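Right, one structure below, let's go through it.
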Amino acid sequence: MKYKAVIFDLDGTLIETADDIGFYINLILKRYSFPEISLDNVSSIVGWGLKDAMEKALSGAEPDDKKIEKYTEELIKEYALDPVIDTYIYDGIEELLKTIEMKGIKSAVYSNKAHPVTARIVDKLFPPGQFEIVRGAVEGFPKKPSPDGALLIAESLGLKPSEILYVGDSDVDCITAKNGGFDFAAVLWGYRTKEQLEKAGASKFALKPSDLADFLI
C-alpha cells in the first residue's frame, strides 16, 4: 500500500452540505434583519469553520466582534439540532470507503465544524465504525490550517504523517496537510476550483472518488 491511512475532510469532500449550511446561516440573518445570501454562493464561504462563514455572510454589514460571536453561537446551536436535511454523501464515496476498508487502510474524518455537529452528521450518514476517528473543532484547540488536530489523529492511529494521505477540497485542507507533513490529494467535486487549489500548493487531484483509490493503493 502507498499509505496506511487516509484523513478525510468532511464538507465538500465526503458530503455535500452547502444547502443546509446556507439554510441555517439565512435563518440567523433573517432573525437579525440582515439580507439573506444566495445558496449558490454558500460554497465560496465555507471551509474555514462556521464563524468564518458567518463573518463572510455578514460582509458589508460590519457587526462588531461580540455580535459575530453571538450570531455564530446561535448558528451552531440551530445547525446542531438537525444538520442533515438536504446533506448527502457524494456519489462514489461509499464505494471508495468499502474499497479502502477491504485493503486494510484506516480512515478518519477531520473537520473545522464543531465536533458535536461533525459527529452527529457522520453518525447519521455513515455506518457505525466506518471511521477509526472522527474529529471536529474543539473549543480552545486550534482549528485547521493548524496541523495539530491532524497530527493527533496520526498519533492515535499509531502512524507517521508520511504514512497518511490527507484528502480535502479546499485551500485550508491543503495548507493543513503541508503544515503537518502529510501528502495531500485535492478533490475537484467540492467547494474550490483547481486553480484555487493549485495556488494553495496542491499538485495531486481527484476528478472522482475512485481516483483516490488509485492514490492510496
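Each reported figure results from applying straightforward, stated rules to the coordinates on display, with no laboratory input. Here the structure is a predicted model, which is why all the values come from computation and not from measurement. Neighbour counts are summed over all protein chains in view; Cβ atoms, including those assigned to glycine, are modelled from backbone coordinates with ideal geometry.
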Looking at the calculated P(r) for the range 96-217, what percent of the C-alpha pair distances fall above 16 Å?
62 percent
Hey, which of these cross-link pairs are over 28 Å Cα-Cα: 77/160; 66/160; 106/178?
77/160; 66/160
Residue by residue through the range 141-156, which ³J(HN,Hα) values in whole Hz follow from phi under the Karplus form 6.51 cos²θ - 1.76 cosθ + 1.60 (θ = phi - 60°), with glycine and proline marked x?
10, x, 8, 4, x, 4, x, 4, x, 5, 5, 5, 4, 4, 4, 5
Please list 3J(HN,Hα) in residue order for the range 38-50, calculated via the Karplus relation 6.51 cos²θ - 1.76 cosθ + 1.60 where θ = phi - 60°; whole Hz, with x for glycine and proline.
6, 4, 5, 9, 4, 4, 7, 10, 9, x, 10, x, 5
Distance from a point 7 Å along Cα→Cβ of residue 56 to each backbone N in the range 94-135: keep the residues under 15 Å and list them by number.
112-113
Centroid-to-centroid separation of the range 43-62 and the range 122-140 [C-alpha atoms, Å]:
24 Å
Furthest towards positive pole of dipole, 121, 71, 61, structure part the chain, Cβ charges
121
Can you give the FRET efficiency to the nearest 0.05 for residue 82 and residue 133, using r as the Cβ-Cβ distance and R₀ = 25 Å?
0.55
For the range 123-175, the convex hull over Cα atoms projects on average to an area in nm² of 4.5 nm²
Once the piece of chain linking residue 119 and residue 204 is laid out straight, how much longer is it, given 0.36 nm per residue of separation minus the C-alpha distance between them?
27.8 nm
Check which residues have an amide H placed less than 5 Å from residue 134's amide H, if you skip close sequence neighbours.
109
Order of 105-112, 51-58, 142-149 by packing, highest average Cβ count within 10 Å first?
105-112, 51-58, 142-149
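How far, in nm, would the chain grow between residue 194 and residue 65 when pulled straight, counting 0.36 nm per residue and subtracting the alpha carbon separation?
Numbers: separation 129, 0.36 × 129 = 46.44 nm, distance 3.29 nm.
In short, 43.1 nm is gained.
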Measure up 113/204; 51/144; 70/124 against 18 Å on the Cα-Cα distance and list the ones that go over.
113/204; 70/124
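What 222 nm value per residue comes from the helices of the chain, counting each DSSP H run with n ≥ 4 as -39,500 (n - 2.57) and dividing by all residues, nearest 500 deg cm²/dmol? Please report the intermediate quantities before stating the final value.
On the way: 9 runs with 95 residues, N = 217.
Roughly -13000 deg cm²/dmol at 222 nm, from the helical runs in the chain.
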Give me the mean projected area, in nm² to one decimal, of the convex hull enclosing the Cα positions of the range 18-81.
3.8 nm²
Residues with beta-carbon under 14 Å from that of residue 183, excluding residue 183: net charge, scoring Lys, Arg +1 and Asp, Glu -1?
+2
